[in-house]
1. If you check ALA54 against the conditions, is it at pLDDT 60 or above, surrounded by 11 or more Cβ atoms within 10 Å (Cβ to Cβ) and either hydroxyl-bearing (Ser, Thr, Tyr) or under 30 Å from GLU27 (Cβ atoms) (or both)?
2. Quick one: which residue in ALA46, ALA61 is free of Cβ contacts under 8 Å to residues at least 60 places away in the same chain and assigned to a strand (DSSP E or B)?
3. Search the stretch 11-34 for residues being assigned to a helix (DSSP H, G or I) and small (Gly, Ala, Ser), and hand back the single one that is surrounded by the fewest Cβ atoms within 10 Å (Cβ to Cβ).
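The values are calculated or read from the model by the stated rules, or taken from the named source; none is laboratory data. All values reported here derive from a predicted model rather than from experimental measurement. Don't worry about glycine lacking a Cβ; one is built from the backbone with ideal geometry, like all the others, and counts go over all protein chains shown.
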Amino acid sequence: MPTRREHRTFLKPVVADGNVDFLAVTEFVRAKYGISAPVSDYGADAAQGHVSFAGPGYAAAVVFDVATSTYTVDIEQQASSPCSTTCTRAAARAARGSG
């Protein structure tokens, strides 16, 4: 399971008008790290917030400090098995009617 962890600071504050801008956080993280899995959970309190993403064989989470806009992102992706690649190709051929 390849895992990636980075500690960074958002380019813009994550809080606007006293509220965490979860849409901006999500769009930034998706663009920077290539995350395409759906959001599975999000939330914040006065000090810390988080957004989690999950899909088959994939999970990512960003945890951020509300006051400083620093964050940590963890991305975990399971290696695809040979069967999943073979099965996907077979399903594609079947859908095309070639086999």
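1. Here the answer is yes, as ALA54 does meet what is asked.
2. ALA61
3. Kept after step one, since they are assigned to a helix (DSSP H, G or I), are these residues of the stretch 11-34: 22-33.
If we keep only those that are small (Gly, Ala, Ser) as well, we get 24, 31.
On the way: ALA24: 15, ALA31: 9.
In this case the residue turns out to be ALA31.
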